[in-house]
1. List every residue whose amide H lies under 5 Å from the amide H of A:Gly58, counting only residues 5 or more places away in sequence or on a different chain, with H placed 1.01 Å from N in the peptide plane.
2. Before we go on, tell me the buried accessible area for the B/A pair, both chains summed, 1.4 Å probe, in Å² to the nearest 100.
3. Per residue, what accessible area does the range A:78-208 have, given a 1.4 Å probe and all protein chains present, in Å²?
4. Rounded to whole Å and sorted largest first, what semi-axes of the equivalent ellipsoid does the C-alpha gyration tensor of the protein assembly as shown yield via the square root of 5 times each eigenvalue?
5. Tabulate in residue order the Karplus-calculated ³J(HN,Hα) for the range A:126-141, using 6.51 cos²θ - 1.76 cosθ + 1.60 with θ = phi - 60°, rounded to whole Hz; enter x for Gly and Pro.
6. Restricting to lysines 8 or more places apart or on different chains, can you count the pairs in chain A with Cα atoms under 14 Å from each other?
7. Note down, for chain A, the three equivalent ellipsoid semi-axes (square root of 5 times each alpha carbon gyration tensor eigenvalue), biggest first, whole angstrom.
8. Which residues, if any, in the range A:47-68 lose at least 10 square angstrom of accessible heavy-atom surface (probe 1.4 Å) when the other protein chains sit next to their chain rather than the chain being alone?
Amino acid sequence: MRRLVLPLLAVLGLSAQAPLLDSRTEDVQERRLANGVRLLVVERRAVTAFHAALVFRGGRAEEPPPLAGATDLLARALYGATWPEDLEPAKGNGSLDALLKEEEGLLEALRLEQLRQRKAPEAASQAQALGASLWTLHQAVRARYSTSPLADLYVARGGRQTATAGADALLVQVELPASDFEFWCRTEAQRLTVLQLSRFSEARAALAAELRSRGPQGLPMIQGAALPGHPYGRDLADHLPALEAMRRSDLQAWARRACRPDQLTVVLVGSLSMDSALPFVERTFGALPAGAASASTEDPLLPEIPADLGDRRIQASLGGTPALLVGWRIPARPHRDHLALRMAARLLEGPSGRLAQRLVRQKAVAQSAEMWMDVPGGRLPGLLVVRAVPSEGHSLAELEGALHTEILRLQQEPIPTDEWQRALTQIDVEQLRIQDEPGALASTLARAWVEAGDWRQAEQEVQRLRNLGPEMVQLATRTWLNPSHRTTLWLQSGTDESQDPLEAETARVLKALAATRIEDLAQREHLVSEGLRQLRMLSLDERRRTLKLLEAQLAPEKR
Amino acid sequence: MRPLAALAAILLSLPGQAQTSIRPQTFSLPNGMRVVLLEDHERPLVRARLNVLLSRDLEAAHPGLAALALRVLGHSDAGAFSVDEFEQLLAGAGIELVPALQTDGLSWSLLARSRDQDLALGLLADRAFRSVATSLTLETDRLATWRETERLEASPRAKLRLLLEPDWTLQAPTLEHLSAINHPDLLAFYAGALRPDRAVLILQGDLGLEQAKRLVLLSFGTWTVQAQPPVPAPVQATPQTAAAPAPAAASAPAPAAPQAPRILVRNPRPALMAMAVAAQPEDLDPESAALLALLLPGDPALAPAQLRLEGLDLVGELESDPSGSAASAETSMLERLQAIRQRGFTETDLRRAQAAWSESRALITLHPEAQVAEALADARGRSVSPARVNALTVEALNQGLRRWLDPARIRTGVLAGPVGP
């Protein structure tokens, strides 16, 4: 057994100004099963339960466009709850699986019928009959569901479960009493074997309704503008037709690839030792078939975006409070400058950070200022984003100027020692908190494996952070937080985007143009959404001129 | 190692682990403040939560007073420190101090390294009872409080949820209500609400009992009940939303289906979602509440509606076809809740819920914050007793269910698209 000792606390104790912390160390033990599953165990003797994280590397960024939303659907349909009927492997006539296959056929027929109706509204429709058949079928499917109020197997055992779809991974977290560990292993292996997805249609409808009612939002807009054509820049709301066309069998096929053993790391934090946990994990997770070593199971090649794409600007009116969003393209987590940028973010963010101090309290040009690192993920080059809301009587331009002044100060003026030390102290406390909360520790290790390629980075980065000097932070900010890496979004108050006449007219013309060239409705809607998003980056005059050019391409009767 | 042996290892380790649960130690100060210590030296961290019960009379006089008062406190000088110095002291030691206004009153949650516990508790005390509330930032804070309670930046769903909030402490005041609050009202509020005899302090982490006693006495020993200024005159302001219906008896008949939603929030995109919020009855025993909170969200009779517990409220949501009627969506949501209320739970349901609740007790060891919350509930007499959970009858459970889902207590609203009903 190879024991790997986390020297985190000892490392933190090396600081000249910080006294030695508790000398106890944390053990993270690692095993790799024959089929590729990784197992990390952190034993905590003081607890009587365990926190388990299943992390599947991949996530939204690896979804091909026709399967956009697959990770979110897996989070809801596969891991939203633990229904007993989803663990039944029964196949054949009359089984739940057979009914769900029938449902898939009816749902697809209904979708195609609705598309036909949109193209030819006057034609006779089968939609009503299909809808009635679907309703009857749903009754039959629901009759197979458990009728107990405590049907969820984990809730019935006092546990809880959450699943989160991210750009880099699907993260599932479960907490159960220690005595249920074997049950958990069996259940999770069975879930991945059966891939029943009994609530697929409900999950898909709920996600589509959520995206449809959500409307455009600031963060996805700046991601799309800053990372054009990259999966990190994708807004799921632009892929609704693809999502609605996705079938249960499509998602099952995707799950077999995305959730294969070599993509999975199991992190256990709690009252379990490696010796007590490993036999069960080997017998259950270890029995999952390894993914075929073919081209289809290799990591996809994702497009690279030059970080210095140029200064980009967007203006949009979404209604509500005006806000300024500025995003800088930054390197992925394994890059040597990433840590320095993390330290820069630490100096800028939070109640005692420079943005709150200078923009909110001293200059009073902002009501609030927030900052996010690695948007939407850290495995690939992403964004460092600042979102600030102007105070009454201050414009977005004024706020933007003040923000850039702060960035310049960080790049050029020496960083005071007390400010530097404060940032290091906050990192100390954050690390202690992570060590103290099993869920936080599990997700930190999982995230390090996904983003940096190795869970050990979770502690090694803290050590390297301590060895950074202020000059390295300034160098990194000069390299990355500059105008050529920047995208700026002005969210103005006032009318809703749907009521912006220029945008509405542009959408109409784009749709008419696309209809003459693209047969597939899903592709057509995607093209229009993408076109509108690109056009938002232009000035008002440029948008007007573009509209005229587009109109000129339309047949006269359609202008 | 073979799986059977491994299972034995897990099971054998459990009795020993159970003994590691932390025993609360309690003491009081002469000024009436109660303190609960959960001693745990596993890591060099200390958590604290100071909770002060609010009197309903104070908030009834001025809706929004508590929210505004808490915000003003956050921008006030405290003890010997200006607000900037105070923030720098917190940041310099990496101390997290988060205020909150909840159904159980005002609270401050604190996290610090144990080496900074003296400073941390001193700053907590400064903030709680040595703050010098200034009138300089009152107007800014008033506007910010209004923005926050109006949720100008929030999603339409969050706005609807706020409009349906049944708890008086958390309801959104109107700008009119907030405008009527002046500096003397704030001072009266602080004198009336921030009293040691209404306060409970929970300490968790790396400090012993004697150390805790010394620290708490040093930091909070001089906290005294202030002379109560005259109670401010109530504001006569127009309520922002439909008034919450008065609680009715459990046997009250279900009202007729609503003709139109009482509260409607517009979404910029097509949507139709009915929301129902049922506040936990104040006199519902904690054991029934705990088991109902387990049973209700997963009840299949709700499908396709979703039900979850948010604080002390049950919140139901039902998504409908955006082309449908708002009133029928609301009725449909209510019908589902009433179907469960009339059906009730069975003896089997009760036994399964009792078992699930007992099992879930182990999970608290994974969450230090939950240990603090449980100790606070215990100190306030709201903790769930394992013995009473096991003694609960199905009749008592269903009686609690009928009270919680009493239609007269449920507030409903609809999120609808930009045009339509």
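1. Result for A:Gly58 returns A:Ala169, A:Leu170.
2. By this definition, chains B and A bury close to 5400 Å².
3. Here the per-residue accessible area is 43 Å².
4. 41, 36, 34
5. Per-residue couplings from phi come out as 9, 4, 5, 5, 5, x, 5, 4, 5, 4, 4, 5, 4, 4, 5, 5 Hz.
6. Lysine pairs meeting the criterion: 4.
7. Each semi-axis is √(5λ); the values are 40, 38, 18 Å.
8. Residues passing the criterion (a loss of at least 10 Å², heavy atoms only) are A:Val47, A:Thr48, A:Ala49.
The values are calculated or read from the model by the stated rules, or taken from the named source; none is laboratory data. Everything quoted here is computed from the prediction, not taken from an experiment. Here Cβ is always computed from backbone atoms with ideal geometry, including for glycine, and neighbour counts include all displayed protein chains. These accessible areas exclude ligands, DNA and RNA; they are computed on the full protein's heavy atoms, side chains included. Shrake-Rupley method; radii C 1.70, N 1.55, O 1.52, S 1.80 Å.
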